[in-house]
Amino acid sequence: MSETEKPLNFLQQIVADDLESGRIDALLTRFPPEPNGYLHIGHAKAICLNFGLAREYNGGCNLRFDDTNPEKEEERYVRSIEEDVRWLGFEWRAEVRFASDYFDTLYQWAQYLVEQGKAYVCELDAQAMREHRGTLTEAGVNSPYRDRSPQQSLDLLEQMRVGKIDEGAATLRAKIDMASPNLNLRDPVLYRIKKSSHHRTGDKWNIYPSYDFAHGQEDAIEGVTHSICTLEFEDHRPLYDWLINELPVPSTPVQYEFARLNLSYTMTSKRKLRRLVDEERVDGWDDPRMPTISGLRRRGYTASAIRAFCDMIGVTRSDGVVDVGMLEFAIRDDLNKNAPRAMCVLSPLKIIVSNFADGGVELISAPAHPDRSELGERELPFTRELYIERTDFSEDNTLSRKKFKRLVLGEYVRLRGAYIIKAERVVKSENGEITELEVSLVADTVGQSPPEGIRPRGVIHWVSASHSKTATVNLYDRLFLSETPGSGDQDMTEHINPDSLQVLENCRIEPGLARATPEQGFQFERVGYFVADRRSHSEQHPVFNRTIGLKDTARR
């Protein structure tokens, strides 16, 4: 391995060894989300891992929906997940697959287990089943229905299937070992009664397989070679293997586990994210404050930045919390290299350039990116009336240059890419608010050094008052103030940042920004990185979302 090559992570090493030894001829992975919500940044890691391994080793990756819980699943979630995977830059092998594609086969295999004396219908209710299960230190107790005949269980299973038994009145359980130290092997439930309509199979089924029963068998049907799960499924692997060994499956997949992504200042529980949506604490699953892939996308995160972040954090078997600053670094790095520059004034203060012709327009050329000449140039109209940032001016000329590198009454500053100006006079309203600022420009200073004796304090951004467009700018911040929101006995809503969104309605943007396409990102010079909102931006009503500031100023 050369000095520039990264060492293989443990999963890459497993795959490489399996291919070299001939255990497998070709790699096949899968990404199996449940369509009960939108994908989040933790899923992005799993997507990059499964599809990335397939790409790296010339294999394939299936997209398979684990649609075994009809009460919470919807077709719109299927569509959103497909869109997220494609947006991240990946494509699945052949057609999209669903657990429901295999419901008939899974039911036949359930009958097979009963016939072999490996499963039985149990009529204990949920509470009694918990009491019989035992604890980590005490063995469980056999169900009184454990030794009923295979034929009786088959008859009851069929009654469950056709809807003749009420929900909660019976389950199908594997017959393994109620004394096993692994609680997952203490006669786990394989089927439960759910009299709910399914988004694909309608009302055909009144029973649905558990994830543990469906997952491994779906892998085997599809010929998956490496079934990669997060660490919480490690204790389920003996059950995964038991089912593969006991059933007449067409192939033998192997399960491997890696550490899930836990990100500071972020919530990656789909159940809790759903609560934020249902309680309207955010504006839907794609709210730019949400850690969903669609939320990050709407906020201006790029697919390349998310892939770079997933590569940066690596793949291990050690649980931990990744600093959200790593994700923020990835997007800043991407946008700094690739985002065109533009100017936007968030809180406009009008300035009048007294020695510039009234009605005159000078077009000043500026690079779209300082290091990317291939992105071309943009034209900035310079006029007598301009807008600058209100916070970029102070009447206090005793402020030191080190502390305030902006415009001060009686002193000079350079307008970005344009003239050097001097603040001459302040115009105020009756209540003392500054309404206008009169300035003078220093001739022949566009792209030129200042004349001798003139020392600008700094550089500020600006736009033409007559040519700029009005825009709405959404200033997004972190949704949670706590590094570990909702940890322990605390409610996550106690940690919601009340200032996570500030809406500015009368910002002024350089004219070309109005023609930005939705999802097009920019660096607003001296302000931060922003993106045209994919849901509401138009040329008639420009809307930009703040992706992230220019520097990491977060409170740690």
**Prompt:** Just to be sure, is VAL224 touching a Leu at 6+ places or on another chain (Cβ under 9 Å) and either more than 30 Å from THR316 (Cα to Cα) or not assigned by TED's automatic domain parsing to the domain that holds LYS118 (or both)?
**Reply:** no
**Request:** Please enumerate the residues belonging to region 189-224 that are assigned to a helix (DSSP H, G or I) and among the charged types (D, E, K, R).
**Result:** ASP212, GLU218, ASP219, GLU222
**Message:** Can you tell me which condition SER464 does not meet? The list is (1) surrounded by fewer than 17 Cβ atoms within 10 Å (Cβ to Cβ); (2) of a type in the set (S, T, N, Q); (3) over 22 Å from TRP285 (Cβ atoms), and all the others hold.
**Reply:** (1)
**Request:** Being surrounded by fewer than 20 Cβ atoms within 10 Å (Cβ to Cβ) and among the basic types (Lys, Arg) is the filter; apply it to region 29-88 and report the residue that is farthest from THR292 (Cα to Cα).
**Result:** ARG55
**Asked** Which residue out of GLY320, GLY360 is farther than 25 Å from ASN545 by Cβ and not assigned by TED's automatic domain parsing to the domain that holds MET492?
**Response** GLY360
**Item:** Matching option when the condition is more than 30 Å from SER487 (Cα to Cα), in contact (Cβ under 8 Å) with a residue 40 or more places away in the chain and among the hydrophobic types (A, V, I, L, M, F, W, C), among ILE207, ILE244, ILE193
**Value:** ILE207
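Could you check how many residues of region 263-275 are within 15 Å of ILE41 (Cβ to Cβ) and either of a type in the set (Gly, Ala, Ser) or more than 10 Å from the chain's Cα centre (by Cα) (or both)?
9
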**Leading residue by the ranking (surrounded by the most Cβ atoms within 10 Å (Cβ to Cβ)) among those in region 486-510 that are in contact (Cβ under 8 Å) with a residue 40 or more places away in the chain and out of contact with any strand residue (DSSP E or B) (no Cβ under 8 Å at 6 or more places or on another chain)** = GLY486
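Going through GLY140, GLY168 one at a time, which residue ends up being touching a residue at least 40 places away in the same chain (Cβ under 8 Å), in a loop (DSSP other than H, G, I, E, B) and in contact with a His (Cβ under 7 Å, 6 or more places away or on another chain)? So that I can check it myself, show each step before the final result.
Numbers: GLY168 fails: in contact with a His (Cβ under 7 Å, 6 or more places away or on another chain).
Being touching a residue at least 40 places away in the same chain (Cβ under 8 Å), in a loop (DSSP other than H, G, I, E, B) and in contact with a His (Cβ under 7 Å, 6 or more places away or on another chain) holds for just one of GLY140, GLY168, which is GLY140.
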**Message:** Yes or no: region 236-252 includes at least one residue that is surrounded by 15 or more Cβ atoms within 10 Å (Cβ to Cβ), of a type in the set (Val, Ile, Thr), not in a strand (DSSP E or B) and not assigned by TED's automatic domain parsing to the domain that holds ALA46.
**Reply:** no
**Message:** It is to be established whether one or more residues within region 268-282 are under 21 Å from ARG478 (Cα atoms), among the hydroxyl-bearing types (Ser, Thr, Tyr), in contact with a helix residue (DSSP H, G or I) (Cβ under 9 Å, 6 or more places away or on another chain) and crowded, with 22+ Cβ neighbours inside 10 Å.
**Reply:** no
**Item:** Matching residues in region 253-262 - criterion: being in a loop (DSSP other than H, G, I, E, B), touching a residue at least 40 places away in the same chain (Cβ under 8 Å) and over 12 Å from the mean Cα position of the chain (by Cα)
**Value:** ALA259, ARG260
**Tally, over region 456-494, of residues that are under 30 Å from THR435 (Cβ atoms) and modelled with pLDDT under 95** = 0
**Complete:** Residue hits (region 196-213; under 16 Å from GLU73 (Cα atoms) and surrounded by 22 or more Cβ atoms within 10 Å (Cβ to Cβ)) are TRP205, ILE207, TYR208, PRO209
**Item:** Boolean, LEU243 is of a type in the set (A, V, I, L, M, F, W, C) and touching a Gly at 6+ places or on another chain (Cβ under 7 Å)
**Value:** yes
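The values are calculated or read from the model by the stated rules, or taken from the named source; none is laboratory data. On a predicted model such as this, the values are computed, not experimentally measured, just so you know. No Cβ is skipped: glycine too gets one built from the backbone with ideal geometry, and neighbour counts run over all protein chains shown.
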